[in-house]
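The values are calculated or read from the model by the stated rules, or taken from the named source; none is laboratory data. As the structure is a prediction and not an experimental result, all values here were calculated from the model. Methodologically, a virtual Cβ is constructed for each residue, glycine included, from the backbone with ideal geometry; neighbour enumeration extends over all protein chains shown.
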Amino acid sequence: MSADPPTGPSPVSPSTPSRTGLDPAWKPSTVAVAAGRPAHSPDQPLNEPIVMASTYVAGGDLEYGRYGNPTWAAFEEALGALEGGRALSFASGLAAVATVLDLVGTDAKVVVPRHAYNGTVMQLGDLEARGRLRTQLVDVTDTDEVVKACDGAALVWLESPTNPALEVADIETIRVAAHEAGAYVVVDNTFATPLLQKPLDLGVDLVVHSATKYLAGHSDVLMGAVVTRSEELYGVLKGRRDLLGAVPGTLEAWLALRGLRTLHLRVERAQANAQELVRRLSAHPAVGEVRYPGFGGIVSVVLAQGALAADLLTHKTRLWVHATSLGGVESTFERRRRWKSEPATIPEGLVRLSVGIEDVDDLWDDLVRALDGVV
Ligand SMILES: *Cc1c(COP(=O)(O)O)cnc(C)c1O
């Protein structure tokens, strides 16, 4: 089922002993602040420096800049501690996705939600078109359908909540069925973050992140990550990263770790704002439907008047920014079907809101002014 790890010169780097130890009793917000720091010893900086190095003096664990970097390692240590596994960082979320999809053999079957992130679905479509693997699209909210689809699968991809339909999967039930079928189970945890959902605790094999979103959190970095508890899978993925070279930039890793320090505060505030906006939006006559899984900072609204009204809305605000992507401190929104790659099962009038950490009344005033103009 899995490909052999490529044999390369790179060792699997051990966790760096020069860092501070973590107390297993610490809560996630403490871990977000304390993990991935240099040791508390005189004249050590509090933060891991940006280590710019393409090569290292021979004889150690790192050797070359494609195999490892202390700044990536600090980010990986912090994310690994939050997800409860061992993390590997990548150049982008989609680089992480590609590396995970490469785990399955030729002609393997991959099960994927039809409303998974469209870049993931497009990658799978591209691999399928080239005869590399087969995909089965499923409605991830229909657990029976997903469980049936596990039969004969090599990998079951889950995203929960999905982007932008905000559907939630029964991860545990599907995980059991997938493992019975001998498949790997992956959860794209970008929307929930490890603070709201820890898929490795539910027994899945791999967690994938677009660190571009909530983890880095400031709309200034592209980065991805994979986290696992399996030493074997870690070794295979590390080998692929060494070989294929989809490594993050050092500055990106540093910025992502800096962002991660406030993840708990940002997620808490974005979620509180989102919950309040959901309450207010549901009562507005321009809004036909509000989709919200009950947690997190992403809300999708379907405008009663369809695509034109949705486009109008995204051009009428002063505070909300019309932009793709999500998970930043700034509130952004967009009509998802403006992208040709978005499936036709996503309503034309669906606007995905990435609720930021601004004052909720300012967000509401700006939004309601624009909504009043499209009724
Ligand atoms: C953005 C996103 C990705 C892709 O990540 P990039 O960092 O843009 O490559 C993957 N999954 C989800 C759920 C996303 O929102």
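Tabulated data
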| quantity | calculated |
| --- | --- |
| Which listed residue, of S341, S282, S354, S331, is modelled with pLDDT under 95 and either in the same structural domain as P161 (by TED's automatic domain parsing) or of a type in the set (S, T, N, Q) (or both) | S341 |
| Listing of helices (runs of 4 or more DSSP H) fully contained in segment 52-135 that carry 3 or more residues being touching a residue at least 12 places away in the same chain (Cβ under 8 Å) and away from the ligand (no atom under 14 Å from the Cβ) | 70-83 |
| Test result for A96, farther than 30 Å from A39 by Cβ and among the small types (G, A, S) | no |
| Residue, nearest to A96 (Cα to Cα), within segment 237-293, restricted to residues that are β-branched (V, I, T) and not in a loop (DSSP other than H, G, I, E, B) | T250 |
| Candidate set: segment 208-221, residues that are under 16 Å from S354 (Cβ atoms) and among the hydrophobic types (A, V, I, L, M, F, W, C); chosen: the one surrounded by the fewest Cβ atoms within 10 Å (Cβ to Cβ) | V221 |
| All positions within segment 178-194 that are away from the ligand (no atom under 16 Å from the Cβ), assigned to a loop (DSSP other than H, G, I, E, B) and in contact (Cβ under 8 Å) with a residue 60 or more places away in the chain | G182, A183 |
| Tabulated pairs, segment 144-165, first closer than 11 Å to Y184 by Cα, second within 16 Å of the ligand (Cβ to nearest atom) and modelled with pLDDT under 95, C-beta under 7 angstrom, 6+ apart or interchain | none |
| Residues of segment 196-208 classified as in contact with a Phe, Trp or Tyr (Cβ under 9 Å, 6 or more places away or on another chain) and either within 14 Å of the ligand (Cβ to nearest atom) or in a helix (DSSP H, G or I) (or both), total | 4 |
